[in-house]
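Just so you know, all these numbers are worked out from the coordinates, no wet-lab data involved. Just so it is clear, the structure is predicted and the values come from calculations on it, not from any experiment. Cβ sites come from the backbone with ideal geometry, for glycine too, and all protein chains shown count toward neighbours.
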Amino acid sequence: MSLNIVVLYHSSHGSVEAMAHEIAESIEQQGATALLRTFVKRQAHDIVISKDDLIHCDGLAFGTPTRFGMMASQAKSFWETTSDLWLKGQLIDKPACVFSSSSSMHGGNEATLLNLSLPLLHHGMMLLGVPYDVPELLSTETGGTPYGATHVAGTNNSNVLSKDEMKICHSVGKRLAQIASKLQ
Ligand SMILES: Cc1cc2nc3c(=O)[nH]c(=O)nc-3n(C[C@H](O)[C@H](O)[C@H](O)COP(=O)(O)O)c2cc1C
């Protein structure tokens, strides 16, 4: 049976988008289909998320930039339209992971990952972090946390991921697809 994993993100300067693409690539390497979705249409290739995408997906990777230690408002506005899904329990037991980018190393990216997790937990989704058998968690000098993949973009908003950040993105996409497959 085919697996559809939604990679849902917001990105203003390209860092979270770069992470979304790395995660999507590793999902596809597992033989699953990665559906890249955004909250608003900013570029020609953007496909805006629908509630049906979530209802029918087998897993979700969800990321936004760090905004004062929280998720981007575009994402929060969307989640506030999903009470009907919550009432019907339509996302319960779907596996999920979260990812984010920040300008500064200690600028709140871990807090943002926890904030991104909250609506998913309310919906009954099963949150996957990054286990410490991913060696880059210990070697990274920029992003990467046990709560999810992160990227430190710096004040010049670089969307070039470090080798370790990229490996951690790959590990979360791979694990999400593998767990979704086991649950299926
Ligand atoms: C309103 C606003 C709030 C932000 N808050 C933070 C913050 O709390 N900590 C931080 O390190 N960067 C913060 N940033 C910077 C973004 O998180 C950073 O540029 C991120 O890499 C952007 O991701 P993107 O390239 O996908 O848009 C903020 C940016 C904006 C516009």
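By other beta-carbon atoms within 10 Å, ranking Phe78, Phe99 with the fewest at the front produces Phe78, Phe99. Taking the charge dipole of the chain about its Cα centre, with +1 at Lys and Arg Cβ atoms and -1 at Asp and Glu Cβ atoms, the residue from Thr66, Ile92, Ile5 reaching farthest to the positive side is Ile92.
Determine the sum of side-chain charges near Glu17: Lys and Arg each +1, Asp and Glu each -1, restricted to other residues whose C-beta is under 15 angstrom from that of Glu17. It works out to a net charge of -1. Gly63 sits among other residues whose Cβ lies under 13 Å from its own Cβ, and their net charge, with Lys and Arg +1 and Asp and Glu -1, is -1.
Protection proxy ranking of 15-24, 161-170, by the mean of other Cβ atoms within 10 Å over each peptide's residues and highest first, is 15-24, 161-170. Extents of the chain, largest first, come to 42, 32, 31 Å (Cα atoms, principal axes, whole angstrom). Every helix of 4 or more DSSP H residues in the chain counts as -39500 (n - 2.57), and over all residues that averages to -12000 deg cm²/dmol at 222 nm.
Evaluated with a Cβ-only charge set (Lys, Arg +1; Asp, Glu -1), the stretch 139-184 carries a dipole of roughly 280 debye about its Cα centre, given to the nearest 20. Basic side chains Lys and Arg get +1 at the Cβ, acidic Asp and Glu get -1 at the Cβ, and with that the dipole of the chain about its Cα centre reaches some 260 debye. With Cα atoms as the point set, the radius of gyration and Dmax of the stretch 25-128 evaluate to 13.8, 39 Å. Excluding same-chain neighbours fewer than eight residues apart, the lysines reachable from Lys163 by a Cα-Cα span under 20 Å are Lys174.
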